Every structure is written in C-alpha cells, then in structure tokens.
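> This is the structure, below, for whatever I ask next.
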Amino acid sequence: MKILIIGNGGREHALAWKLAQSPRIQRILVSPGNGGTAINQNFRNIAAQTPEEFLKIAQDEAVDITLVGPEVPLAAGVVDLFRSHNQKIFGPTRAAAQLESSKDFAKAFMARHGIPTARYQSFTDANAAHAYIDTHGAPIVVKADGLAAGKGVVVAMTTEAAHAAVDHMLADNTLGAAGARVVIEEFLSGEEASFIVMVDGTHILPLATSQDHKRLGDADTGPNTGGMGAYSPARIITPQLHARIMREIIQPTVQGMAKEGLPFTGFLYAGVMIDNQGNPKTLEFNCRMGDPETQVIMARLRTDFVDVLAHAVNGSLDQIDLDWDHRTALGVVLAASHYPENPRLGDRITGIPPDSDDHVVFHAGTRFTDGGLYTHGGRVLCVVALDQTVKLAQTRAYETIQKIHFEGMYYRRDIGHLGIKQKP
Ligand code: AMP
Ligand code: GLY
C-alpha cells in the first residue's frame, strides 16, 4: 500500500510514524514534509503546494490512499479534485469543509440542527457589529468568518477590546477576505476538550479524547497559539459525557450534513466547552485532526492505521474497532523563541533521543540540510511520553526534553495540569 500524506507539521509526522508501523505499508510519501520525515528512510518528502500538484504526485507514484493533514488544501478543494480523477483520498469536500472554513456557515448549520453552541450573530457592517457589542457587553468573542491561521478569534474581556477586534477585521481589513464577515458570540466559560472522530459519510468512529493547551504561557496565560501541548485521554470526558457529545453534537452534525446534501467524510474535530454543570457546547468545528492532539492520539493507537484508513475511504468504518494503549500520552511542544509572533529560525537542533516504548519525538518546524537538523518554524518539536498517570507521563516528557537543545527553545512547564488537578 502506498500512502500520501499532505502537510508538513507535527500532526503529519505523527500520522506517518503510525502508518509506517503497518505491515501493509510499501511506501509513505509526505508532501511537503519536514525534517523528521526527511531523515527517516521509511518516508520520502516531495515538494508541492497546490491541489493540482498533490494530484500529480498521487498519479505519478500510483498512490493508493491520500490523507490530508491541514485545512487549507481542504478548503481549496483537494478532495473534490482527487475524487474527480478517481483517486482515493480521506478528507471533506470543499463544501463540507465549510464547517471549518466559514464560522458563519458552521453557526447557522448548528442553529438549523439544534446543536448546542454559543448564541451568536454575523456581521459585515462594522456599525451594526459595534452596536451588538454595546447591547451585549463583555466578555464577548469576536471571530473572523474565514480561515485565519489561528489569528481569527478574539476573546474580549472588555467591550473596548471587542470594538478594536471589529475595527481590525471589518474596517482595517487586517485579515483580508477571512475577516470581511465576523461572528460575534456569547463568551462560554468552563473547560475545553478536543473530540475528534473519523467519518466515512455515514458511519462515525470516535478517536481517543484529548485536551490541548492553546495559550502560550503557563497556567493558560498569554496569547493563543496553534497549541503548546496536549494529553490523551481527557480526564473530563467521562463515559456519560462522551455519550452525550456523540448524541447532541457529533451525530446531529454528521446526519445534518448528509441531509443537506453535503455528506461529511474525513476527520471531524469538535472543540467543546464543558461548563461547570457538565454541559457540553460546541466552540468550533475543524475538518481535520488537531495539532498537537494527533501526536498524543497516534501514540496511543494500537490498531493498524492503514486498515482504519482503508475502511474510511471505502465507507465501512462500522466494521472496525479501535484498540488504545491504556496509558496516558502527554506531548509538550518545543517552540522557537518569539513564537507565535515572529519565531526565530535556522538554529541547529541537537540531542533528540531515539524513540522508545515510552517516548517519541515528533518534528514540526524542522529542516534537514547539510547533514544537520535546523529549526524552520514556530512549533519545532513535540515530545510525547507515555505512562500510567498524567503526572508520570508529564515527568517523563520533561525528563526527555532535558536532552534536547536549540537556541531560544521555549516550552510550557505545566502541560497536563488540568488532568493532574482532576486526579487520574
Ligand atoms: P476557535 O478557533 O473557534 O476554537 O477559538 C480559539 C479559542 O478561543 C478556543 O479554543 C477557545 O479557547 C476560545 N474561544 C472560542 N470561542 C469561545 C467562546 N464562545 N467562549 C470562550 N472562549 C472561546
Ligand atoms: N490544536 C488545535 C488545532 O489543531 O486546531
């Protein structure tokens, strides 16, 4: 079996690492890939950027299944293009990917199908948006409608901050077309979790739960980032809450998309907020796996992922069960200095230990050149450790990090704190 993975992050390295464990794998291509997929002989990196270029790789290399990591090629229609050329690919069509690529689409969809989420209104007119903020007060959340690489959400604790966000997006156009429409919604408090499932159009296969740490600083302070660390399973998702999220959020979404003529295929990621009474509400949908959630989820998956993927593209996800390592996996992102604003690039990385049964280091923003590994992005590595409890996995992850060095390396010291507070 030949598999093509589209993307270049830690998520894609973790997917490649897991797929490579399958005896059915003949070759894994990663496009464009990173330093971690370049140095491993199981993988081959191929440079490409557009859906047409990815299709050419799949055709030239006689790829059996393509797996899409990031949202941008999905929103650009890579799945539609592959399907029109009879190439098997796992991901949503451009129209179905609107669940992520348009917050306005996602909110209106949830309203139509009674899926719990924050109350909201959409605006293209700045004056109307300002008036809405004045009526509702702070805290309040302002979101750019389109894809904005993690920069499109402002959780405003004051009305001044909310007005400023509206001015940036609607008046100054700082996010371009992505910010030409904004969603303004009710602030939700509680604890967040990442609930990710695989969908083949009809059947739903839930993956292990996880929790991300979006803020840059310890104790969840500082600016939002792509994610500074994650652990799986999420302690807050009890079996009862799991059943409820499936019943109230995931199933109505998959059924609703099918009913509206946009059957969903691919990874469906619901970011959920659980309030202090234990009620879940949808914060957002992503149409892909999370990063760094993938790194901890793949570290725990025991089932052959090639088998899972084959069922996913053949519409038979009801015919497979997933088997999980019972241990907790905890991943800490090692970022470049000045991430996320202006990450420093080009520093030599040393000391990455070889994988073992209880730890593995996934690459994200790395580049292999002149016989060495260099930093090449904001999030550089993700160090994942496995152990019996969140606390033990955390200790093991931080021990492993001590061996790794690059200039300006920054990481949070408290990944997993929510899981530790709740007692494993
Ligand atoms: P999103 O890209 O929609 O997930 O938003 C990014 C982050 O902003 C989320 O992970 C939450 O931490 C926060 N957020 C988004 N929407 C809300 C909301 N309605 N209330 C509180 N926090 C939110
Ligand atoms: N870690 C959050 C995301 O992938 O969107």
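The values are calculated or read from the model by the stated rules, or taken from the named source; none is laboratory data. Small disclaimer: the values here were computed from a predicted structure and weren't measured. Here Cβ is always computed from backbone atoms with ideal geometry, including for glycine, and neighbour counts include all displayed protein chains. Keep in mind that these areas ignore ligands, DNA and RNA; they rest on the heavy atoms of the full protein, side chains included. Shrake-Rupley method; radii C 1.70, N 1.55, O 1.52, S 1.80 Å.
> Could you check, for the range 381-399, whether at least one of its residues is out of contact with any strand residue (DSSP E or B) (no Cβ under 7 Å at 6 or more places or on another chain) and at pLDDT below 95?
no
> Right, next: Give the range 133-144 a look and list any residue that's touching a residue at least 24 places away in the same chain (Cβ under 8 Å), over 15 Å from Ala171 (Cβ atoms), open to solvent by less than 80 Å² (accessible area, probe 1.4 Å) and not in a strand (DSSP E or B), or say none.
Across the range 133-144, the qualifying residues are Ala138, Pro139.
> Same structure, new question: Counting only residues that are touching a strand residue (DSSP E or B) at 6+ places or on another chain (Cβ under 6 Å) and at pLDDT 95 or above, which one in the range 210-220 is farthest from Ile320 (Cα to Cα)?
For the range 210-220, the residue satisfying everything is Leu216.
Yes/no matrix, rows are residues, columns are (1) free of Cβ contacts under 8 Å to residues at least 12 places away in the same chain; (2) open to solvent by less than 20 Å² (accessible area, probe 1.4 Å); (3) not in a loop (DSSP other than H, G, I, E, B):
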| position | (1), (2), (3) |
| --- | --- |
| Leu309 | no, yes, yes |
| Gly331 | no, yes, yes |
| Val360 | no, yes, yes |
| Leu386 | no, yes, yes |
| Thr395 | yes, no, yes |
| Lys403 | no, no, no |
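> Please verify whether the range 217-225 includes one or more residues that are touching a residue at least 12 places away in the same chain (Cβ under 8 Å), among the charged types (D, E, K, R) and open to solvent by less than 30 Å² (accessible area, probe 1.4 Å).
no
> Limited to the range 189-209, what total is found for residues that are charged (D, E, K, R) and within 16 Å of ligand 1 (Cβ to nearest atom)?
2
> Additional query: Looking only at the range 169-188, count how many residues are at pLDDT below 95 and either within 16 Å of ligand 1 (Cβ to nearest atom) or crowded, with 18+ Cβ neighbours inside 10 Å (or both).
8
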